[in-house]
Amino acid sequence: MATKGGRNRNGGGGGNHSDDEEDDFHNKSQQRPRSTSRHHHHHHRSDRRHVQQQNQGPQQPHHQQQQQQQQQHSSYDPNKRRKFGGGGLEDDELTEDKLQMALFALGQKSDSTLEQNLRDLCTTLCNDLTKHKKVILHILNQCIQLIPERLTIYSTLIGLLNASVITFGSDFLDTCISSLKEALVLYKYEIIQRYIRFLSDLSNVKLLSTSSILTLYETLIETTTETNVPQVRTDFFVYCVLISLPYSGKILSEKHNTELNRLLYTIDKYIYKRSKIHVPILQVWTSIEPHPQEEYLDCLWAQIKRLNQDEWAESQIFRPYYTYADTLFSDISASIVHDLPTITIPLHKDTIIYPLPKIVFRMFDYTDVPEQYVLPGAHAIERYLVEDEISNIIHTYHNERKDCAIQLTQIRPKAKIPLNYMIIEVIFGHLFMLPRPPHLELFYGSLLLELCKLQPSTLPPVLVQAVEMLFERLNTMKTSCIERFATWFSYHLSNFQFTWGWQDWIDCLDENPESPKIKFIRETFQRCMRLSFHQRVIDFVPEQFYKLVPNKPSPVFKFEETETPIFGSEYAQLLNKKIKERSAAEDILRILNTVPNPTKDDTAVVTPSASTINPATTDLTYNMVQIDLFVSSLLWIGSKSFTHSFAALAKYHQLFKILIESEEQQIQVLKSMYEIWPNHQQVS
């Protein structure tokens with residue numbers, strides 16, 4: 001990670017390590033690219049088998065016919081082979097795998113070939129629709145569910161197919177509506193949102209009538225009139241309408257302006273009266289300065305109202321269907337517009353868990369970005385659209401950090417939007433989300449590492465600027481968020497040789513030891529030590545910060561031989577010797593039985609056996625000194641590493657069962673362990 005040295009507030013600074021080192025590291029990470037699909041490998045093997053067959057000598061007569069059939073099947077005709085979106089779709093061998101590859105790769109890269117790819121893919125699918133109709137409908141339906149950031153591309157493709165094959169639109173709508181109804185019954189909230197937004201966009205390609213879209217919205221808004229239902233239920237269905245309006249608002253305002261205004265008025269009344277007592281609990285900061293932490297539905301509604309004032313004009317949504325106006329908007333296409341069937345919202349049940357409300361995380365404003373960029377305002381719809389696309393990609397690829405980073409860097413925002421700033425803001429917003437992040441905390445740390453590798457000269461300065469801002473606002477940050485911040489920061493530093501401009505934070509050392517900034521630095525050093533070792537932390541930290549560095553995690557053996565040994569030291573030496581010799585448990589127990597039981601005035605009453613005898617059971621009961629001696633000696637001998645400790649505990653675990661019977665004796669074991677490792681937080 002780039003250090004703070006030489007940077008400016010606009011993120012234009014560099015780091016202490018050279019660009020050559022960053023480029024070399026980036027090049028090494030690109031030397032072994034992973035295959036994007038196993039099907040390409042199978043195809044190469046098929047070609048290799050074909051070459052081997054041609055090079056083979058004469059076959060036996062009963063194999064010649066089989067060989068000729070294989071050669072005909074494997075023959076390569078360059079006139080019949082086409083690739084769409086890098087998927088390797090072949091017209092003469094259209095299989096489900098190749099269809100899936102082509103459709104899922106459609107629009108993956110924003111380039112000039114998309115227009116031709118859409119036309120070619122439409123032609124190929126139309127030619128094979130009779131043979132592969134069910135497969136095509138199924139894969140397209142999967143694309144809608146799994147790739148929401150490309151929904152306008154798929155709506156364009158479906159519009160073209162509907163214009164070419166008059167029955168395709170109704171068949172595809174049947175598939176979509178069936179899946180939507182299933183998602184409603186099973187309460188698959190993300191799938192429901194994606195279908196509502198996708199169906200809204202189908203009105204732009206003349207596949208769905210605008211009146212049926214309005215009817216769908218009204219059905220969803222009717223949930224606001226329900227009684228004895230939780231607010232999160234109605235919030236969800238209102239949210240489904242709001243996220244769809246940027247796609248359909250313009251065409252609805254042109255054809256049904258009165259009905260649309262009535263719908264917006266109903267939403268406005270609902271937003272105004274809903275309870276917001278949950279907002280303070282979910283906010284990352286307790287202060288509204290410098291950025292208000294708005295509730296997600298309030299913020300989105302403000303963005304929609306501003307979009308309505310701007311006559312539904314936005315500059316972010318990629319709408320490829322306008323390129324095909326001659327096909328999609330012709331009189332023939334307009335005559336085959338479909339209506340949605342009636343969709344019923346399932347009734348509320350007390351066992352249903354609805355999506356929780358959330359806060360819109362804000363960290364940057366227009367003054368924080370370089371002058372050549374324009375960061376949309378908090379209530380600009382472009383701000384929401386870019387953030388939503390980033391969030392969708394993170395959610396789709398959260399199991400593959402490398403793919404996720406690549407997809408994020410391939411976003412093509414319009415109007416000079418500072419993409420890196422928005423990516424960093426969204427990632428930290430997910431990381432600090434309360435009560436818990438959407439995904440594993442470690443994922444966000446590894447994702448930021450991958451982004452730094454892909455953009456070593458542009459993204460690290462933005463990340464440095466973000467860390468500086470978060471540090472300055474620690475005094476009003478929630479405790480759980482500070483802990484997540486320290487955990488991520490230490491992990492990130494450990495991947496960049498713990499390089500950071502610590503000198504810039506020296507001023508905070510004069511603050512109260514219990515201040516959030518001091519606690520953050522102390523927690524960061526503690527986690528850095530876990531990821532390395534104590535001396536490494538001492539090496540990279542300036543001397544002024546030594547007082548915040550944790551103590552060296554060395555064991556403390558109170559029974560060591562000294563000029564004034566404490567009671568039991570001589571027995572501890574015997575135990576140490578026996579444990580080092582790996583003596584049997586019986587030998588250890590024999591020594592413990594000779595330990596006297598001290599009286600309250602610290603004098604010892606020497607008896608043949610210091611263990612007491614329970615008259616009811618005639619069993620030996622071992623005193624606390626014996627347990628302390630055994631546990632301390634065992635952990636001291638095994639203190640070299642965790643492996644040594646585990647080996648010692650495993651060897652004598654049966655002896656623990658003999659010595660420890662009561663809760664008081666269990667507590668003594670914990671006390672002895674803490675006294676051995678008072679400075680080692682991972683143990684004690």
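The values are calculated or read from the model by the stated rules, or taken from the named source; none is laboratory data. Keep in mind that what you see is a predicted model, and the values were worked out from it rather than measured. Counting neighbours? That spans all protein chains shown, and the Cβs are built from the backbone with ideal geometry, glycine included.
Would a scan of the range 160-179 turn up a residue that is of a type outside the set (A, V, I, L, M, F, W, C), buried (at least 18 other Cβ atoms within 10 Å of the Cβ) and under 22 Å from residue 324 (Cα atoms)? The answer is yes; a qualifying residue exists.
Check whether at least one residue in the range 329-351 is among the small types (Gly, Ala, Ser), crowded, with 17+ Cβ neighbours inside 10 Å and out of contact with any Pro (no Cβ under 9 Å at 6 or more places or on another chain), and report yes or no. Yes, the conditions are met somewhere in the range 329-351. Criterion applied to 170, 200 was being under 19 Å from residue 133 (Cβ atoms) and in a helix (DSSP H, G or I), and the one residue passing it is 170. The single condition among (1) of a type outside the set (Ser, Thr, Tyr); (2) modelled with pLDDT of 95 or more; (3) touching a helix residue (DSSP H, G or I) at 6+ places or on another chain (Cβ under 9 Å) that residue 363 does not meet is (2).
Looking at the range 540-582, which of its residues are β-branched (Val, Ile, Thr) and farther than 30 Å from residue 522 by Cα? Give the derivation first.
Residues of the range 540-582 β-branched (Val, Ile, Thr): 541, 549, 556, 562, 564, 566, 579.
Across the range 540-582, the qualifying residues are 562, 564, 566, 579.
For residue 279, the stated conditions do not hold, so it cannot be described as in contact (Cβ under 8 Å) with a residue 24 or more places away in the chain, surrounded by fewer than 19 Cβ atoms within 10 Å (Cβ to Cβ) and in contact with a His (Cβ under 8 Å, 6 or more places away or on another chain). Residues in the range 263-273 that are out of contact with any helix residue (DSSP H, G or I) (no Cβ under 6 Å at 6 or more places or on another chain) and not hydrophobic (A, V, I, L, M, F, W, C) were compared, and the one that is surrounded by the most Cβ atoms within 10 Å (Cβ to Cβ) is 268.
Scanning the range 238-262 for residues that are without any contact (Cβ under 8 Å) to a residue 60 or more places away in the chain, buried (at least 19 other Cβ atoms within 10 Å of the Cβ) and hydrophobic (A, V, I, L, M, F, W, C) yields 238, 240, 241, 252, 260. One residue alone among 440, 463 is surrounded by 17 or more Cβ atoms within 10 Å (Cβ to Cβ) and either among the basic types (Lys, Arg) or outside the structural domain of residue 295 (by TED's automatic domain parsing) (or both), and that residue is 463. Across the range 445-456, not a single residue is classified as of a type in the set (A, V, I, L, M, F, W, C) and more than 22 Å from residue 394 (Cβ to Cβ).
The condition of being exposed (fewer than 14 other Cβ atoms within 10 Å of the Cβ), part of a helix (DSSP H, G or I) and of a type in the set (Phe, Trp, Tyr) holds for only one of 646, 630, that being 646. Checking the range 358-375 against the condition returns a match, with at least one residue being farther than 19 Å from residue 464 by Cα, buried (at least 17 other Cβ atoms within 10 Å of the Cβ) and in contact with a strand residue (DSSP E or B) (Cβ under 7 Å, 6 or more places away or on another chain). The listed residues are 659, 620, and the only one of them that is modelled with pLDDT under 85, over 25 Å from residue 534 (Cβ atoms) and under 49 Å from the mean Cα position of the chain (by Cα) turns out to be 659.
Kindly check whether there is at least one residue in the range 337-360 that is in a helix (DSSP H, G or I), over 24 Å from the mean Cα position of the chain (by Cα), of a type in the set (Ser, Thr, Tyr) and modelled with pLDDT under 95. The answer is no, given that none of the residues of the range 337-360 is in a helix (DSSP H, G or I), over 24 Å from the mean Cα position of the chain (by Cα), of a type in the set (Ser, Thr, Tyr) and modelled with pLDDT under 95.
Within the range 283-293, is even one residue modelled with pLDDT of 95 or more and charged (D, E, K, R)? Within the range 283-293, none of the residues are modelled with pLDDT of 95 or more and charged (D, E, K, R).
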